[in-house]
Structure formats: C-alpha cells, structure tokens
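Undergrad: Let me give you the structure first, and then I'll get to my questions.
The values are calculated or read from the model by the stated rules, or taken from the named source; none is laboratory data. Fair warning: this is a prediction, and the values are worked out from it, not measured in the lab. FYI the Cβ positions are ideal-geometry reconstructions off the backbone, even for glycines, and counts take in every protein chain you see. With ligands, DNA and RNA removed, areas are computed over all heavy atoms of the protein, side chains included. Shrake-Rupley method; radii C 1.70, N 1.55, O 1.52, S 1.80 Å.
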Amino acid sequence: MNGNGRGGNGLSERQRHADHRITQGMDDRKQVEATADRIRDELLLTLEELERRRGRMMDVRYQVQQHSGALLAAGAVAMVLVGAGVGFAVYRSRHRAEVMRRKRRKALQRAWEHPDRLASKAEQRPVGVELGRKLILIFATTLATAVAKNSVQTLVPPRGTPSAALSGE
C-alpha cells in the first residue's frame, strides 16, 4: 500500500493525474480537498437558488404579477357567480307572490281530489327517489358501522393478551 488505500502499481502521482487537467500535479489529499471545495461551492449555489425560489414563492406581489391573467379570470368568474346569485334572489323575491298563489291552487286541488290526505306533512316523492334515498342510507350506515368496528379493534387490545400497563413493564 502506498498510504492512500491503493496498492502500489509503480506509477507516481504525476503519472496517475496526467490525464486530469484540473488535478494535474496534485497529490491525493489536495485532489480530495479541491473536489470537496468544488462540491461545497455547488451546494452553496444550489442552496442560494432554493432560497431565491422560496422567497419568490412567498412574495405576494411577484405571484400576482406572474399570475395576473388567472387572477383576473377567477375574479371575473366570482363576480359573475355573485351577480347571478343576486339576480336569482331578486327574481325569486319579486315572483314570490305568484309562486305562493300557484302552491295554494295546487293545495286546494289536492284537498278537493283527496280529502283524506289533507294533512300530509311532505310531498310524496316518486318510488325511485325514495328507494335510492333508503339505499344510500343503508350503505352509509353499513360503512359507518364497519369503520367504527375497525377503529375499536385497532384501539382496544384483544382480551387474551395482558396489557403492558398491567404487567408492570
């Protein structure tokens, strides 16, 4: 061994580094130090670039400048939606009397045609809608039960094994 962990093959350090322009004329220690300095400089440059990008990400003014078109489009869509909501509310308030008259007329017609169902609490839904609602409720209840069962099994240890707190560990 020649002190650098390699077996001596008879070549001097200058001959080993003859093909490397940067490290030519350096011994192994100087070469490692030069490589470490170069890697350290590259790392510092990378960290500076990451810091610059982080700063840009957190800079609200820069983000507004970069995405002004998207922000204007989102603002326009929001304004249209708010305007449509206000317009619909105004329309409903102005036509409320007409809607009430129509509902009263239908109620009188139902009362005339079916006096035995006069005090029904809600409108009768079609069979398909009612069936779909009940199936969804059944599915949701089954899912909630399964999740609760799994949670309890995870949180509560089985009865056969003693608890670590009871065994004094």
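Undergrad: Report yes if some residue within the stretch 73-93 is open to solvent by 90 Å² or more (accessible area, probe 1.4 Å), modelled with pLDDT of 90 or more and in contact with a helix residue (DSSP H, G or I) (Cβ under 7 Å, 6 or more places away or on another chain); otherwise report no.
TA: Checking the stretch 73-93: not a single residue is open to solvent by 90 Å² or more (accessible area, probe 1.4 Å), modelled with pLDDT of 90 or more and in contact with a helix residue (DSSP H, G or I) (Cβ under 7 Å, 6 or more places away or on another chain).
Undergrad: For the subset of the stretch 26-72 comprising residues that are among the β-branched types (Val, Ile, Thr) and within 23 Å of the chain's Cα centre (by Cα), which member is surrounded by the fewest Cβ atoms within 10 Å (Cβ to Cβ)? Please lay out each step first, then the result.
TA: Residues of the stretch 26-72 among the β-branched types (Val, Ile, Thr): 32, 35, 39, 46, 60, 64.
Remaining after also requiring within 23 Å of the chain's Cα centre (by Cα): 60, 64.
Numbers: Val60: 7, Val64: 10.
Looking at residues that are among the β-branched types (Val, Ile, Thr) and within 23 Å of the chain's Cα centre (by Cα), I get Val60.
Undergrad: From Arg125, Arg104, grab the single residue that is more than 30 Å from Val64 (Cα to Cα), part of a helix (DSSP H, G or I) and open to solvent by 100 Å² or more (accessible area, probe 1.4 Å).
TA: On the way: Arg125 fails: part of a helix (DSSP H, G or I).
Result: Arg104 is the single residue among Arg125, Arg104 that is more than 30 Å from Val64 (Cα to Cα), part of a helix (DSSP H, G or I) and open to solvent by 100 Å² or more (accessible area, probe 1.4 Å).
Undergrad: Still on this structure: Aliphatic (A, V, I, L, M), at pLDDT below 95, open to solvent by less than 100 Å² (accessible area, probe 1.4 Å) and within 30 Å of Arg117 (Cβ to Cβ): is that true of Val99 in this structure?
TA: Yes.
Undergrad: Still on this structure, I have one more. If you check every pair at least six apart or on different chains, which have Cβ atoms under 9 Å apart with a residue in the stretch 75-94 that is over 21 Å from Val64 (Cβ atoms) and among the small types (Gly, Ala, Ser) first and a residue that is in a helix (DSSP H, G or I) and open to solvent by 60 Å² or more (accessible area, probe 1.4 Å) second?
TA: Nothing qualifies.
Undergrad: Taking the criterion of being of a type in the set (Gly, Ala, Ser), over 30 Å from Arg52 (Cβ atoms), within 36 Å of the chain's Cα centre (by Cα) and modelled with pLDDT of 90 or more, would at least one residue in the stretch 118-130 satisfy it? Break it down into steps so the answer makes sense when it comes.
TA: Just the residues of the stretch 118-130 that are of a type in the set (Gly, Ala, Ser), to begin with: 119-120, 122, 128.
Okay, now just the ones that are also over 30 Å from Arg52 (Cβ atoms), so 119-120, 122, 128.
Checking which are within 36 Å of the chain's Cα centre (by Cα) leaves us with 128.
The next check asks that each one be modelled with pLDDT of 90 or more; those that pass are none.
No, every residue in the stretch 118-130 fails to be of a type in the set (Gly, Ala, Ser), over 30 Å from Arg52 (Cβ atoms), within 36 Å of the chain's Cα centre (by Cα) and modelled with pLDDT of 90 or more.
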